[in-house]
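Quick note: the coordinates plus some simple rules give every number you see, no bench work behind them. Keep in mind that this is a model prediction, so the values were computed, not measured. Here the Cβ positions follow ideal geometry from the backbone for every residue, glycine too, while neighbour counts run over all protein chains shown.
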Ligand SMILES: Nc1nc2c(ncn2[C@@H]2O[C@H](COP(=O)(O)OP(=O)(O)OP(=O)(O)O)[C@@H](O)[C@H]2O)c(=O)[nH]1
Ligand SMILES: [Mg+2]
């Protein structure tokens with residue numbers, strides 16, 4: 001038997017001064033609470049203007065009250081919303097008063113994400129949708145909003161559910177075959193098990209691809225500007241950010257510290273890090289700066305290695321580039337992209353089409369550079385079916401794909417391995433179930449919801 005859950009209350013709008021502030025209450029039966037406020041029945045889903053009064057009948061706040069009887073509410077329980085005035089103190093008093101009125105119901109403050117958790121537990125939304133709400137609220141680009149909305153409306157979950165259904169079908173087929181050992185292979189061939197496997201594999205890969213795009217949209221990338229002193233790293237940072245952020249001078253060794261700035265390329269948040277020019281230095285401060293440059297290089301998704309194209313002697317930069325490549329190899333950082341950029345195009349005579357040439361000063365070639373960055377990140381412009389995935393989703397999808405691949409190897413081994421084939425399919429299905437939350441341990445669920453903010 002399911003334990004009765006205490007009713008919960010929290011401010012649903014941001015805390016601060018605002019025209020209105022909304023307090024939300026959710027509980028299995030809030031009829032008693034309503035009877036404390038009104039001496040007549042309250043119409044469902046209609047706004048009623050009312051005063052919330054203290055025990056001496058003094059008004060605390062006046063606002064609109066809306067009652068959403070279960071199960072037609074966000075959480076699937078009875079929900080009451082009180083739309084009062086959005087002051088910090090007045091909202092606190094409103095919440096306190098409701099808690100007093102609901103004392104016998106054990107009304108208490110909600111924990112972070114608890115409303116969403118209840119919606120999930122009451123099958124109003126699945127886990128991927130609950131996460132999409134959090135992602136929608138936190139989205140910082142139009143593209144991210146669009147794909148969060150797609151997930152929220154269930155597009156992502158539907159894809160996962162379809163895959164699970166395909167897997168179930170194939171598993172049933174295999175299980176049935178196992179009961180008739182003599183006919184196994186023939187039966188599977190007739191049912192085209194290999195084709196079914198291929199379809200599942202391809203759909204899963206498509207979902208994974210769309211999710212990787214979404215993860216890029218959500219998590220962005222770290223781009224580090226590196227190179228010898230004076231090649232124009234800080235100038236490029238300023239050009240990309242369209243602001244004078246870093247100091248630019250003709251003196252080699254101007255930048256001592258890492259300077260960060262976030263920009264958006266096609267909706268993807270990109271952290272640009274400008275670093276101290278790399279060279280042998282005896283200056284105490286500069287030496288620390290250069291150590292930090294090396295640390296930033298190791299953290300990068302993409303390194304933009306800048307050269308001064310107006311300089312006919314590239315020996316220093318050549319050596320430096322070698323050193324960076326060696327360091328990346330040594331630390332097993334093969335996934336870091338390095339793009340060579342020839343700067344100060346305006347002062348140089350460059351006619352090499354294979355080189356990426358820019359002028360950080362005039363901005364020439366910078367649009368081209370941005371495109372190269374997006375390309376290196378694997379971003380496909382105009383992709384309208386991006387799924388705003390979290391790392392958690394990517395992990396589950398990758399593991400599911402591993403099991404699907406493993407299954408294939410058993411299928412090709414013939415009769416003796418059919419049970420192993422079925423087992424891998426089951427494991428893949430379990431991994432997919434983690435995404436929508438149908439198969440996720442309670443402690444993990446709790447962890448996911450507690451990362452949401454209060455009132456959500
Ligand atoms: N003509 C021209 N000058 C540039 C260009 N980019 C940078 N400069 C000049 O080159 C000098 C050095 O530029 P910075 O941006 O400070 O170079 P940096 O790589 O950050 O140098 P450090 O911080 O010392 O490592 C400045 O005088 C800039 O004005 C460019 O595209 N064209
Ligand atoms: Mg600099």
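The simple spin-label model puts a point 7 Å past each Cα toward its Cβ; for residue 257 and residue 47 those points are separated by 4.9 nm. Stretching residue 450 away from residue 138 to a fully extended chain increases their span by 110.8 nm, per 0.36 nm per residue minus the current alpha-carbon distance. Taking the helices alone, the chain has a mean residue ellipticity at 222 nm of -15000 deg cm²/dmol, built from -39,500 (n - 2.57) per DSSP H run of at least 4 residues and averaged over all its residues. Taking the longest Cα principal axis of the chain as reference, the axis of helix 88-101 is set at about 30 degrees. The length gained by stretching the chain between residue 292 and residue 57 to full extension, at 0.36 nm per residue less their Cα-Cα distance, is 78.2 nm. Neighbour counting of Cβ atoms within 10 Å sorts the residues 103, 447, fewest neighbours leading, into 103, 447.
Using r as the Cβ-Cβ distance of residue 245 and residue 315, and R0 as 22 Å, what FRET efficiency do you calculate, to the nearest 0.05? Intermediate values should be presented prior to the final figure.
Details: r = 30 Å, r/R0 = 1.39.
Once the sixth-power term is evaluated, E becomes 0.10.
As a rough footprinting exposure proxy, the listed residues 402, 126 were ranked by other beta carbons within 10 Å of their own, and the order from fewest upward is 402, 126.
Between helix 155-178 and the chain there is an angle of about 80 degrees, using the helix long axis and the longest principal axis of the Cα atoms. The ranking of 410, 67 from fewest to most other beta carbons within 10 Å of each one's beta carbon is 410, 67. Here region 220-377 yields Rg over Rh of 0.93, to two decimals, using C-alpha coordinates and the Kirkwood radius. Projected label points at residue 179 and residue 199, each 7 Å from Cα along the beta carbon direction, are separated by 2.3 nanometres.
How would you order 387-400, 47-60, 313-326, 165-178 from highest to lowest mean count of nearby Cβ atoms within 10 Å? Don't jump to the answer; show the numbers that get you there.
On the way: 387-400: 21.2, 47-60: 11.9, 313-326: 14.1, 165-178: 16.7.
Answer by packing, highest mean first, reads 387-400, 165-178, 313-326, 47-60.
Kirkwood-type hydrodynamic radius, region 8-110: 13.5 Å, calculated from all non-identical alpha-carbon pairs.
How much FRET efficiency would the formula 1/(1 + (r/R0)^6) give for residue 88 and residue 322, where r is the Cβ-Cβ distance and R0 is 51 Å, rounded to 0.05?
Values: r = 58 Å, r/R0 = 1.15.
So the FRET efficiency works out to roughly 0.30.
The convex hull drawn around the Cα atoms of the chain, when projected onto a plane and averaged over every direction, covers 31.4 nm².
Need the full-extension length gain, residue 370 to residue 347, defined as separation in residues times 0.36 nm minus the C-alpha distance. One decimal, nm.
Values: separation 23, 0.36 × 23 = 8.28 nm, distance 2.13 nm.
Full extension of this stretch gives 6.1 nm more.
In nm, give the distance between the simple-model label positions of residue 419 and residue 332, each being 7 Å from the Cα along the Cα-to-Cβ direction. Taking the simple label geometry, residue 419 and residue 332 are separated by 3.6 nm.
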